[in-house]
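Note sheet for the following structure.
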Amino acid sequence: MLKFILKRLALGLAVAFTVSLATFLLLNLAADPAAMVAGEDATQDAIEQIRVQFGFDRPLYVRFFEWLGSLMTGDFGDSYYWKQPVFDLLVDRAPVTLTLAAGALMVTVVVGLTLGVLAALKPNGWLDRFALSFGTAAQAVPNFWLGLILIILLGVMFPILPVSGDTSWKHFVLPCLVLGTSSVPQVLRLTRTGMIEVLGSDYIRTARAKGFRPRQILFRHALRNALLPVVSVITIQIGYKLGGSVITETVFALNGLGRLAYESILGADVPTVQMLVFFFALIFIILSILGDILNAWLDPRMRVE
């Protein structure tokens with residue numbers, strides 16, 4: 001198991017370095033960062049002054065290794081737009097995004113697993129068809145559209161829940177529903193497929209023949225084996241909830257990392273955007289490694305390579 005973990009960590013470090021390089025190159029080669037900071041109406045002299053002031057005139061590889069070295073020491077640079085350290089911005093905004101991601105993941109897991117298990121108990125039944133129809137609809141509806149519909153229904157026509165802000169738990173109900181619903185179809189389908197396959201296996205028929213109770217067979221024997229592919233998806237979904245919160249936080253005016261990314265892009269704040277992109281990518285890498293380790297713990301056959 002230790003050898004498996006070390007291999008995954010080494011692979012994760014290689015991917016993290018590649019991501020850091022790609023992030024830096026994309027943001028610095030896609031457009032002139034000095035011109036972005038200066039603005040559309042800036043003169044060429046002003047752009048050149050900013051280029052020298054922020055060090056954009058130095059070779060690209062020098063700036064990359066300086067940025068990488070700063071990351072290794074925990075120095076994320078200073079925001080051009082907010083005029084404060086990027087680290088302070090991340091710490092200030094992260095709790096909102098983490099709360100949103102946790103709530104959305106709860107919606108995804110509870111709804112996805114429940115519908116997936118119920119649909120697998122009687123394939124092609126009315127409940128199975130309802131679950132698949134719900135999953136198709138949830139996958140087809142864009143987050144921003146669903147968010148606007150919920151705002152109109154539950155915030156305007158029937159003012160039950162607040163539609164903007166993040167001062168209480170009520171402000172997170174609608175955003176969590178929107179962000180969580182978009183990921184339900186993947187968990188639902190994987191759970192349904194895995195449960196149908198496991199429930200038809202020989203050891204389940206043997207357990208039934210020995211007189212095990214249906215609930216014991218379902219949760220102790222069938223669900224654990226059916227969850228192996230679901231675990232990987234759920235871990236990735238946590239990263240998606242963090243990185244994919246830009247639209248949801250903007251629609252519901254939540255002051256989290258997603259809205260910070262949106263505002264930083266509009267303000268041409270290169271250090272903040274650069275750090276946010278790398279941060280979200282790093283979360284995906286870490287969660288992928290944790291998902292592999294958890295699957296290897298659940299199924300020892302995966303440790304053999």
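The values are calculated or read from the model by the stated rules, or taken from the named source; none is laboratory data. All figures in this text were calculated on a predicted structure; none of them were measured in a lab. Reconstructed Cβ throughout: ideal geometry from the backbone, glycine too, with neighbour counts over all protein chains shown. Calculation scope for accessible area: heavy atoms of the full protein, side chains included, ligands and nucleic acids excluded. Shrake-Rupley method; radii C 1.70, N 1.55, O 1.52, S 1.80 Å.
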How big is region 169-223 along each principal axis, measuring the range of its Cα positions in Å and listing the largest first?
50, 21, 9
Candidate cut points under trypsin sites (Lys or Arg not before Pro) in region 144-228, DSSP loop plus at most 15 other Cβ atoms within 10 Å of their own Cβ, are K210
Output for region 8-89: chymotrypsin sites (Phe, Trp or Tyr not before Pro) sitting in coil per DSSP, at most 15 other Cβ within 10 Å, listed by number, reads none
Computed over the chain: longest principal axis from alpha-carbon atoms vs helix 2-29 long axis, angle to nearest 10 degrees, is 40 degrees
In Hz, Karplus ³J(HN,Hα) per residue of region 93-102 (6.51, -1.76, 1.60; θ = phi - 60°; x = Gly, Pro)
8, 4, x, 5, 5, 5, 5, 4, 5, 5
Assigned charges on the beta-carbon of Lys, Arg, Asp, Glu; region 149-248 dipole about Cα centre (debye):
600 debye
To the nearest 20 debye, what is the magnitude of the charge dipole of the chain about its Cα centre, counting +1 on the Cβ of each Lys and Arg and -1 on the Cβ of each Asp and Glu?
2360 debye
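Could you look at the chain and say what percent of its accessible area is carbon and sulfur, using a 1.4 Å probe and all protein chains?
On the way: 11240 of 16630 Å².
Answer for the chain is 68 percent, counting heavy atoms of protein chains only.
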Enumerate the lysines that K170 could reach by cross-link, defined here as Cα to Cα under 20 Å, with residues fewer than 8 away along the same chain left out.
K241
Which of F64, L218, I152, positive extreme of dipole for the chain (C-beta unit charges)
L218
Given a 1.4 Å probe, the accessible area of region 78-131 per residue, as a whole number of Å², is 55 Å²
Compute the long axis of helix 228-243 from its Cα atoms, compare it with the longest principal axis of the Cα atoms of the chain, and write down the angle in degrees, 0 to 90, nearest 10.
30 degrees
Once the in-chain neighbours fewer than 8 apart are removed, the aspartates and glutamates whose Cα is under 16 Å from K122 read E197
Rank A207, N124, V163 by how far each Cα sits towards the positive end of the charge dipole of region 118-237 (+1 on Lys, Arg Cβ; -1 on Asp, Glu Cβ) and give me just the farthest.
A207
Given labels modelled 7 Å from the Cα in the Cβ direction, how far is it in nm from Q44 to L21?
3.5 nm
Using only Cα atoms and rounding to the nearest 10 degrees, what angle (0 to 90) does helix 60-72 make with the longest principal axis of the chain?
60 degrees
Per DSSP helix of 4 or more residues, -39500 (n - 2.57); summed, then divided by the residues of the chain. What does that give at 222 nm, rounded to the nearest 500?
-23000 deg cm²/dmol
Which three lengths, in whole Å and largest first, does region 106-244 cover when its Cα atoms are put on their principal axes?
56, 30, 24
Given the options T73, V86, L98, identify the residue whose Cα lies farthest towards the positive end of the charge dipole of region 68-129 (+1 on Cβ of Lys, Arg; -1 on Cβ of Asp, Glu).
L98
Return the Rg/Rh value of the chain, two decimal places, where both radii are evaluated on C-alpha atoms and Rh is the Kirkwood radius.
1.06
Hey, what's the per residue convex hull volume over the C-alpha atoms of region 41-113, in cubic angstrom?
175 Å³
What trypsin sites (Lys or Arg not before Pro) does region 1-102 have in DSSP loop regions with at most 13 other beta carbons within 10 Å?
K83
